[in-house]
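First comes the structure, then the notes that go with it.
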Amino acid sequence: MDNLQKAIQMIKESNNIVAFTGAGVSTESNIPDFRSSGGLFSDLGKKYSYPPEFILSRTFFDQHPDLFYDFYRSKMIYRDALPNDSHLALAKLEEMGKVKAVITQNIDGLHQMAGSKNVLELHGGVNRNFCMNCGKEFSLDYIMAKGEGVPSCDDCGGLVKPDVVLYEEPLNQQIMHKAIEYIAAADVLIVMGTSLVVYPAAGIVDYYRGNKLILINKTETPYDSKANVVLHEKAGTIMRQMISSLDKV
Ligand code: NAD
């Protein structure tokens, strides 16, 4: 049995699957990841004189909100992006009662747009924004409407911040605990489109206790040796084949 068939067999036999996804799941929706060649980190030297990790840090946001928002609007927001086969397959597997939760490092909201209901966003999401002074919530439209400059609260004038976890900021502990619970209880864990180098998020894979860890990533990751099935291919291609073979059952 080849690796894809092994993965399909595991999915067929289980009703307790958890998925853990990263930026690679959204590259087929034309949202660049960070670390692929052609990803955001390789593309930035041209315009920005700071490394992207620094621009996306809390220190930078506090000190240069104008430059942060310039970068954020032009490099982190993809309003025309639509879910691809990976997002759609996970939503379908949830609908079939197989996937219990999608835990994602992504901030793009595409899992929810695809129809996934139980999505745990470890790094927050671009669709939620709030006033740092009074807590009022704002849509992404509000952030983008201004085009440039720093968005401020229309009630109190406070600085509006995206509900995304910046470098130096802690993860939401409640979401992290829930994610760990799902992973620890999972029969099958599908890890997809993540370089598994961004901590503490990547560390949650260590909580998986089963022997059906399916890792789908174009390039090698530090967890390849721990996975039971490794597929170094495009996530969309694999998930499309997976769903079509389940449909045949
Ligand atoms: P990463 O950029 O570090 O790694 C992405 C991985 O996905 C790479 O190993 C790459 O080889 C692989 N990949 C790319 N396209 C693929 C495809 N079609 N199929 C399978 N694999 C593919 O991303 P990360 O590990 O998620 O960490 C980066 C951090 O930045 C995370 O917090 C992430 O959420 C955030 N980020 C989010 C978005 C988004 O929301 N879409 C985009 C960029 C970065």
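Okay, here's what the table says:
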quantity: Leu171 being within 15 Å of the ligand (Cβ to nearest atom) and touching a Phe, Trp or Tyr at 6+ places or on another chain (Cβ under 7 Å); calculated: no
quantity: Exclusive hit being aliphatic (A, V, I, L, M), touching a helix residue (DSSP H, G or I) at 6+ places or on another chain (Cβ under 7 Å), at pLDDT below 95 and at negative phi, set Leu246, Leu231, Leu213; calculated: Leu246
quantity: Failed criterion for Leu120 (all others in (1) over 25 Å from Tyr50 (Cβ atoms); (2) more than 16 Å from the chain's Cα centre (by Cα); (3) modelled with pLDDT of 95 or more hold); calculated: (2)
quantity: Flag for Tyr167 being among the aromatic types (Phe, Trp, Tyr) and either over 25 Å from Leu56 (Cα atoms) or surrounded by 19 or more Cβ atoms within 10 Å (Cβ to Cβ) (or both); calculated: no
quantity: Strands (runs of 3 or more DSSP E) within the range 130-249 that include 1 or more residues without any contact (Cβ under 8 Å) to a residue 60 or more places away in the chain and not basic (Lys, Arg); calculated: 160-164, 213-216
quantity: Selection count, the range 88-121, where residues are in a loop (DSSP other than H, G, I, E, B) and either within 13 Å of the ligand (Cβ to nearest atom) or touching a residue at least 40 places away in the same chain (Cβ under 8 Å) (or both); calculated: 8
quantity: Qualifying residue in the range 204-213 (condition: within 28 Å of Leu90 (Cα to Cα) and touching an Asp or Glu at 6+ places or on another chain (Cβ under 6 Å)); calculated: yes
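The values are calculated or read from the model by the stated rules, or taken from the named source; none is laboratory data. Note that the structure is a prediction, hence the values are computed from the model and not measured. Reconstructed Cβ throughout: ideal geometry from the backbone, glycine too, with neighbour counts over all protein chains shown.
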